[in-house]
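Taking it in order: structure first as structure tokens, then the write-up.
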Ligand code: DON
């Protein structure tokens with residue numbers, strides 16, 4: 001419609017702060033009343049989230065930020081944790097070993113494979129789908145679920161620039177309903193593609209997904225990836241540049257699961273979604289954008305989050321292409 005700012009061509013920088021404020025407010029107002037999608041309920045503790053919640057935060061690669069909406073609401077990080085834990089594992093074992101042990105492709109099948117067509121949903125091998133993410137958690141240093149999850153919590157806290165803690169409620173709820181992930185862990189172990197005890201690993205993975213964040217935390221985490229691995233607010237180097245760019249490559253390939261190609265085509269920036277309603281997007285050198293809104297589409301991605309991110313990527317000039 002005519003009242004809305006038209007898309008702009010991507011340049012080397014984010015627009016000035018006043019313009020960011022205006023555009024983020026515009027996106028918030030535009031999509032706030034959208035009532036499509038359904039709140040995830042396969043983890044009972046997530047089912048009670050209000051479908052009205054909606055927050056957006058932008059953090060620039062130099063640390064400036066603007067946020068609007070439900071920015072103080074905490075929610076469990078869920079799958080948005082996956083690229084960050086992959087990053088920590090690359091720091092520990094090296095990105096080449098991580099690639100060998102986890103894979104970085106969207107399906108793991110050759111170009112002319114019929115199996116890829118038949119089995120793509122069940123067998124994708126990269127750190128951002130559950131199988132690869134559970135294998136990634138198995139590579140985190142530490143000889144117990146507890147030690148691994150401490151390590152993950154500390155690492156993700158460095159990305160966020162503050163001490164994160166776990167939601168006991170989500171952890172208990174997800175632990176009581178994660179038979180499928182336990183099954184994946186045992187199956188991977190049988191193939192030699194899990195590098196620790198399957199039950200302990202699933203427990204550490206479940207704790208990882210239950211870490212509580214706000215949309216502001218997610219935007220700072222995304223901005224750290226946008227800034228070559230240095231948290232732009234705390235100044236701490238969390239990742240080496242060689243790791244950072246490879247994490248972004250995997251996000252571009254698989255961050256929105258089977259819709260990653262559509263996402264890159266439309267939004268043009270690496271992203272990662274989670275079932276509690278968070279989405280992060282990273283525009284290298286420019287900044288990080290995070291949205292939070294619990295109602296999801298059929299693929300499990302936040303409806304308002306996708307709309308607001310697409311709107312903003314086009315107007316903040318985030319697109320890589
Ligand atoms: O393992 C699970 O099912 C959840 N802990 C995380 C899934 C998730 O966030 C998928 N994202 N769209």
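Can you tell me which residue is surrounded by the most Cβ atoms within 10 Å (Cβ to Cβ) among those in the stretch 192-246 that are part of a strand (DSSP E or B) and more than 16 Å from the ligand (Cβ to nearest atom)?
230
May I ask you to list pairs of residues, at least six apart or on different chains, whose Cβ atoms are under 9 Å apart, with the first in the stretch 161-172 being under 22 Å from residue 59 (Cα atoms) and the second being modelled with pLDDT of 95 or more and assigned to a strand (DSSP E or B)?
164/211; 164/212; 164/213; 165/211; 165/212
So which residues in the stretch 272-307 are assigned to a loop (DSSP other than H, G, I, E, B) and either more than 8 Å from the ligand (Cβ to nearest atom) or modelled with pLDDT under 95 (or both)? First the steps, then the outcome.
Kept after step one, since they are assigned to a loop (DSSP other than H, G, I, E, B), are these residues of the stretch 272-307: 274-277, 284-286, 293-295, 297-301.
Answer for the stretch 272-307, where residues must be assigned to a loop (DSSP other than H, G, I, E, B) and either more than 8 Å from the ligand (Cβ to nearest atom) or modelled with pLDDT under 95 (or both): 277, 284, 285, 286, 293, 294, 295, 297, 298, 299, 300, 301.
If you check 53, 14, which single one turns out to be assigned to a loop (DSSP other than H, G, I, E, B) and more than 21 Å from residue 226 (Cα to Cα)?
Values: 14 fails: more than 21 Å from residue 226 (Cα to Cα).
From the options 53, 14, the qualifying one is 53.
May I ask you to verify whether residue 127 is within 16 Å of the ligand (Cβ to nearest atom), at pLDDT below 95 and either closer than 25 Å to residue 232 by Cα or outside any helix (DSSP H, G or I) (or both)?
Yes; evaluated as a whole, the condition is true for this residue.
The values are calculated or read from the model by the stated rules, or taken from the named source; none is laboratory data. All values derive from a computational prediction rather than experimental measurement. Neighbour counts are summed over all protein chains in view; Cβ atoms, including those assigned to glycine, are modelled from backbone coordinates with ideal geometry.
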